[in-house]
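Here the structure comes first, spelled out in structure tokens, and everything after it is commentary.
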Amino acid sequence: MDINILSASQCEQLRALFDQSDTIIITCHQSPDGDAIGSCLGLAEYLRSQGKEPTVIVPDQYPDFLLWLPNTEKIIRYDKHREKCDLLFKIADLVCCLDFNTPSRVDQMQQALVESPAKRLLIDHHLMPDVPAELTVSVPEASSTSELVFRIVWQLGGFSALGKHFAAPIYCGMMTDTGGFTFNSSSPAIFYIISELLTKGIDKDRIYRNVYNNYSENRLRLMGYVMFEKLVVDAQRHASYYALTRQDLKRFHFIKGDAEGLVNMPLQIKGHKLSISLREDTERDNLVWISLRSVDQFPCNKMAAEFFNGGGHLNASGGRLYCSIDEAIETVRKAIASYEEELRK
């Protein structure tokens, strides 16, 4: 199966970028998820196999259920080591931007990224990339950025020399960005890639357990609370939403990652098309995080862009609102009403 995504000239350009760079940074978006961390770790492992010593810098905290991934101890958090990271951005030859399409997605790290004199490589699967880069690898129809990293490494001829430390984060990134291969994962190429990753001896069942069966008791009780107390179902429009306040999060001793996957659960309702979660930021006032999930052809990304200052993929998108949680709920209601015709189909 042909899984190449680069032209011959792009391959040569990418090889040159890597060969000519001594100080390489690999970075991703704010609040890194499994795909962001997986793709960064995977690319870093490939570059090490090529004699490079890349530095993975992430804007802020990532979920505890990803700490088992190999080489996470080498990741540097910008919010914890700002001075060190700022210096690295100033002296870098190459910054590899993974899993984000615009500089604002790195939040407080944006100035350091934009002002860095380094060349940039963008590898991403979100729509309308606008990160200035020497080379942009943008494939919106891809399942994940981790899939793109695999395809690039494969095309550069680097896969055969790599082992579990490459295969595990790449598989994890593909798995998490497709909800365990339940959406955005119908391409036969995805399962060809999985078959190749399995030749490296990874245990896909254990990876699944490490991610999806690795929560605290508090997370389980939060899940029950959301489904029983907080979920608002609009049966006529085949949609639902729930809102988590700071008080809710404090009650269940919320840590980053505890809300992961909750937004998918209402889609288990027969005939449901859309699920939206709202979560107050734990530190900043008047900031509400929005996640959207859908099935079939309902356009989460269109709704996210129109109502929630966000975007993403057809069936999985996100955004943010700068307002109170009550005002955010009203915006969600307006969004659902605005898409009533499509939801009722």
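Which listed residue (139, 212, 178) has the Cα farthest towards the positive end of the charge dipole for segment 111-223, taking +1 on Lys and Arg C-beta and -1 on Asp and Glu C-beta about the Cα centre? Toward the positive end, the furthest listed residue is 212.
So what is the 222 nm mean residue ellipticity for the chain from helices alone, if each DSSP H run of at least 4 adds -39500 (n - 2.57) and you divide by all residues, rounding to the nearest 500 deg cm²/dmol? Kindly include the intermediate steps, with their values, before the conclusion.
Values: 13 runs with 130 residues, N = 345.
Computed ellipticity for the chain at 222 nm equals -11000 deg cm²/dmol.
Residues 174, 128, sorted by accessible area with the largest first, give 128, 174 [1.4 Å probe; ligands and nucleic acids excluded].
Taking every alpha-carbon pair under 8 Å whose residues sit at least 6 apart, the chain reaches a relative contact order of 13 percent. Counting only protein heavy atoms and a probe of 1.4 Å, the accessible surface of segment 113-187 is 51% carbon and sulfur.
Calculate the translational D of segment 104-217 in whole µm² s⁻¹ from Stokes-Einstein, where the hydrodynamic radius comes from the Kirkwood formula applied to all Cα pairs, the temperature is 20 °C and the viscosity 1.002 mPa s.
Working: Rh = 15.8 Å.
Using the Kirkwood radius from Cα pairs, D works out to 136 µm²/s.
In a reduced charge model with +1 at each Lys and Arg Cβ and -1 at each Asp and Glu Cβ, the chain shows a dipole moment near 620 debye about its Cα centre. Each residue, residue 156 and residue 127, gets one label point 7 Å from its Cα in the Cβ direction; the gap between the two is 3.0 nm.
Here the chain has an Rg and Dmax of 19.9, 59 Å, counting Cα atoms alone.
Listed by chain and number, the aspartates and glutamates whose alpha-carbon sits under 19 Å from that of residue 80, ignoring those within fewer than 8 places in the same chain, are 33, 60, 64, 107, 281, 283.
Gyration tensor over the Cα atoms of segment 188-339: the corresponding equivalent ellipsoid has semi-axes (square roots of 5 times the eigenvalues, largest first) of 28, 21, 15 Å. Relative to the current alpha-carbon distance between residue 182 and residue 73, full extension at 0.36 nm per residue lengthens the span by 36.2 nm. A P(r) calculated from all alpha carbon pairs of segment 153-237, with 5 Å bins opening at zero, reads 3, 11, 18, 17, 15, 11, 9, 7, 5, 3, 1 percent.
Per-residue packing, averaged as other Cβ atoms within 10 Å, sorts the ranges 31-41, 91-101, 50-60 into the order 31-41, 91-101, 50-60, beginning with the highest. If the segment from residue 220 to residue 15 were pulled out straight at 0.36 nm per residue, it would be longer than the present Cα-Cα gap by 69.2 nm.
Using 24 Å as the Cα-Cα cut-off, could you pick out the over-long pairs in 230/270; 74/164; 230/345; 273/302; 256/345? Could the numbers behind the result be given before it?
Working: 230/270 19 Å; 74/164 17 Å; 230/345 26 Å; 273/302 14 Å; 256/345 36 Å.
Beyond 24 Å: 230/345; 256/345.
Full extension of the segment from residue 281 to residue 213, taken as 0.36 nm per residue of separation minus the current Cα-Cα distance, would add 22.0 nm. Highest mean first, the peptides 221-233, 18-30, 175-187 sorted by other C-beta atoms within 10 Å per residue fall in the order 18-30, 175-187, 221-233.
The values are calculated or read from the model by the stated rules, or taken from the named source; none is laboratory data. Here the structure is a predicted model, which is why all the values come from computation and not from measurement. Backbone-built Cβ (ideal geometry, glycine too); neighbour counts: all protein chains shown. Note: areas computed on protein heavy atoms with side chains; ligands, DNA, RNA excluded. Shrake-Rupley method; radii C 1.70, N 1.55, O 1.52, S 1.80 Å.
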